1. Among the residues of region B:15-27, what is the count of those that are within 11 Å of B:M318 (Cβ to Cβ) and more than 14 Å from chain A (Cβ to nearest Cβ)?
2. Looking at B:I191, is it in contact with a Phe, Trp or Tyr (Cβ under 7 Å, 6 or more places away or on another chain) and either of a type outside the set (G, A, S) or crowded, with 24+ Cβ neighbours inside 10 Å (or both)?
3. Enumerate the strands (runs of 3 or more DSSP E) found wholly within region B:103-189, keeping only those where 3 or more residues are in contact (Cβ under 8 Å) with a residue 60 or more places away in the chain and within 14 Å of chain A (Cβ to nearest Cβ).
4. Residues of region A:77-111 being on the phi > 0 side of the Ramachandran plot and buried (at least 23 other Cβ atoms within 10 Å of the Cβ), which ones?
5. Would you check which residues across region B:286-337 are of a type in the set (D, E) and touching a residue at least 60 places away in the same chain (Cβ under 8 Å) and list them?
6. Within region A:325-336, can you find the residues that are within 13 Å of chain B (Cβ to nearest Cβ), in contact with a Ser or Thr (Cβ under 6 Å, 6 or more places away or on another chain) and not hydrophobic (A, V, I, L, M, F, W, C)?
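None of the figures in this text is laboratory data; all of them are computed from the coordinates on show. This one's a predicted model, so the numbers in the text were calculated from it and none came from an experiment. Using ideal geometry, Cβ is built from the backbone for each residue, glycine included, and neighbour counts are taken over all protein chains shown.
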Amino acid sequence: MTAFNGHSGASLKITNGRLVLPDSRELTDASIVIANGVITAIGAEADNTNADHTFDAAGGIVAPGLVDLCCNLREPGNGQKGNIASETRAAARGGFTTVCASPDTSPVNDSSAVTHLIRDGAQARSPIRVLPIGAITRGLEGELLSDLAGLAGAGCVAFGNGSRGIRNARILRRCMAYAQTFGLTVMFNPENQALAADGYAHDGLVTSRLGLLGIPEVAETASVMEMLLLAEETGVRLHLSQLSCARSVEMVADARRRGIAVTADVAMHQLLFTEEALAGFDSRFHVRPPLRTESDRQALIAGVREGVIDAIVSQHQPHDSAAKQAPLGATEPGLSTIESTLSMGLMLVQRDELTLPDLLAALTSGPSRILGETPALQEGAPADLCVFNPDATWVPNPTTLISAGRHAPLLGQAMPGVVSLTLSNGKVAWQSETH
Amino acid sequence: MTANQAPKRSLQLTEDGQLRHFLTLDGLDRALLTDILDTADSFIEVGERSIKKVPLLRGRTVVNLFFESSTRTRSTFELAAKRLSADVLNLDISTSATSKGESLSDTLLNLEAMASDMFVVRHSQSGAPHFIAESVTPGVAIINAGDGRHAHPTQAMLDMLTIRQHKGGFEGLKVAIVGDVLHSRVARSQIRALNELGAAEVRVIAPGTLLPRDVESLGCTVEYDMQKGMKDLDVVIMLRLQKERMEGALLPSEREFYRLYGLNQDKLALAHPECIVMHPGPINRGVEIESAVADGPQSVILDQVTNGIAIRMAVMSMAMGGQVAERNQNLAGREQA
């Protein structure tokens, strides 16, 4: 492609693509034209349109840009673990055009000043769209409400308590009731902290064998039930983040049948790995919620397939190496996933555990709906898209990763899915060197 | 099918199956465990000589790296290393570097700079010796002296040596482990060793709050009622109960625990008449065991301590041997190349 950068009204035509249209329709061997940040022509019409630049998709898939509801950019405050520039560039490489920034920053995103800081940082240094998630309680302490209306005005798209949770059910109920007043969406990681206690791994076979401190399944399911009941009572728009248990999926499905406005997501690594990943004390797989059993994994995949789980997230948590270089129980939780999320999903497609349309829906339209948006490859829509070859492979390793976090789930192993181009608002956010 | 990666090359074995670290009994087969017991047997005789030394680790430096305090285990490791003619450095890290904020990795780098050949590690975190074995310079052997709730493989092996001395072998044996299995690295290693060596039955006897989730998956049966659990036992192993277990509502009181799960003469009478009584120590008299039993004719608790030195000599000399063999092989390989 000749030096297309989306500026100065230049237009771009992507040719030879497999276009993923709304309702999982596909156009093969097709073109799409972008001008002024907007999709202007698709299919036959695009074939007959001339553009200033062309990009040969070489038979690769052209899909809406991926949307991540849970991404840690570590800015402000944790520069040793990552920053907006490094992590959004990594996200663009992974095919993402929108990432929601978790409120667990330092300082916590509980004031419009911090929200503006994140948005200004993204404006200046991110090639993709960054949507801040506000802290629902001040300092994520789970005690005092943040200025939710003010934060929403400053640009927070939803509210949660990050990885900290809210211990007190009365506070949780008030958080929901107050958010409901303004029609705001709340996103919570269901975890009963008294039951999770000092645990850091699924309470089961591997914790028993290795003597690790377990987080029992009921730490999640008791919290899911509590949140569903409170959401039903308060009428808030509840989104449950990063489910890990089969039983949680069942409870969400039941709640939907009762008409409760609840949505849910799962982290991609939960669909690929189980508790056995910790069998060699590999601290990378210290994640929260913990990786659980094979039957949980299968139920989570079924949840995605059946639409009970609306979105798959990266739950990207970059760390400096020291945070992971210690005995397992002394390490910090989280994987560096944003560059491998799509590839992990394509591994599930290769194994016939998930179809490509289901995967893409859970990475695009599913999360977008939760944010109140409807992205699609259609004329007039913003040109947020990615082009990837699902069969080409790449090998993540500490030197090839862009993220400051080198603890990717699969290292030194070929993974399917190479993103050749990511366009955010019509501008090139990522282009692979081979193009 | 999941994408969990296949285990890498065994961390504690060389390519030809020799011990090079001793971290856990997982992955060690019956032949190797028997080899450890036989080697230890040969060292028992050394302890009976007037000059109790063999030169197997002469010129080697062994560092006792204890992040958790211990008297018995550390002193038997020290004696074992000295009987193998090694130079020994005892570091009580719980009161030194890490309390000044130094990370474990940094502590290790400093110690490696002192050209040590072996670290004997005790740590409160499960898996800490694995972490150290993965990050240490090749050629340095790591011996696990107890990590968190995970493993205490030398303790389990000295228990196996004691059982073999008294019972002749493991075939057909019925063994019970009584007490706080949940927090016990000793119990986990013992269950593994007894299964691998062919014991007929391993029972754990404890209230539900002191058992790990899915404990049967470790290779044992569960009995809540100690009276029933004592039936036909050849070996009963009592575990130490930490006083703090009353705090998180795991147990109501020492009194109730002792009444239900303490070993006294009445309960011991329910076992096979030749049943031996073991305890990894230090014992809490009147909490998990009655003095008359601890000091009685069926108790082999002091044999366990004596055997501890021989087992530790065996494991240290075998791991050093594996490291040396591997180094020689690598050198030969490089010369050929």
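1. Within region B:15-27, the subset within 11 Å of B:M318 (Cβ to Cβ) is B:18-22.
Checking which are more than 14 Å from chain A (Cβ to nearest Cβ) leaves us with B:18-20, B:22.
Total meeting the criteria: 4.
2. Details: in contact with a Phe, Trp or Tyr (Cβ under 7 Å, 6 or more places away or on another chain): no; either of a type outside the set (G, A, S) or crowded, with 24+ Cβ neighbours inside 10 Å (or both): yes.
Considered against the rule, which asks whether it is in contact with a Phe, Trp or Tyr (Cβ under 7 Å, 6 or more places away or on another chain) and either of a type outside the set (G, A, S) or crowded, with 24+ Cβ neighbours inside 10 Å (or both), B:I191 comes out as no.
3. Working: elements: B:118-123, B:141-147, B:174-178.
So the answer is B:141-147.
4. Kept after step one, since they are on the phi > 0 side of the Ramachandran plot, are these residues of region A:77-111: A:77, A:82, A:95.
Scanning region A:77-111 gives A:G82, A:G95.
5. As a first pass, look at region B:286-337 and keep what is of a type in the set (D, E): B:288, B:290, B:295, B:303, B:326, B:335.
Correct list: B:E288, B:D303, B:E326.
6. Answer for region A:325-336, where residues must be within 13 Å of chain B (Cβ to nearest Cβ), in contact with a Ser or Thr (Cβ under 6 Å, 6 or more places away or on another chain) and not hydrophobic (A, V, I, L, M, F, W, C): A:Q325, A:T331.
Residue-by-condition table, conditions (1) surrounded by 22 or more Cβ atoms within 10 Å (Cβ to Cβ); (2) in contact with a strand residue (DSSP E or B) (Cβ under 6 Å, 6 or more places away or on another chain); (3) touching a residue at least 24 places away in the same chain (Cβ under 8 Å):
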| site | (1), (2), (3) |
| --- | --- |
| B:R30 | no, no, yes |
| B:I36 | yes, no, yes |
| B:D41 | no, no, yes |
| B:I44 | no, no, yes |
| B:I51 | no, no, no |
| B:V54 | no, no, yes |
| B:R58 | no, no, yes |
| B:N64 | yes, yes, yes |
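Residues are listed down the side, and each one gets a yes or a no for (1) crowded, with 24+ Cβ neighbours inside 10 Å; (2) closer than 22 Å to A:L213 by Cβ:
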position	(1), (2)
A:D254	no, no
A:G259	no, no
A:V266	yes, no
A:A279	no, yes
A:H286	yes, yes
A:R292	yes, yes
A:A302	no, no
A:V313	yes, no
A:Q317	yes, yes
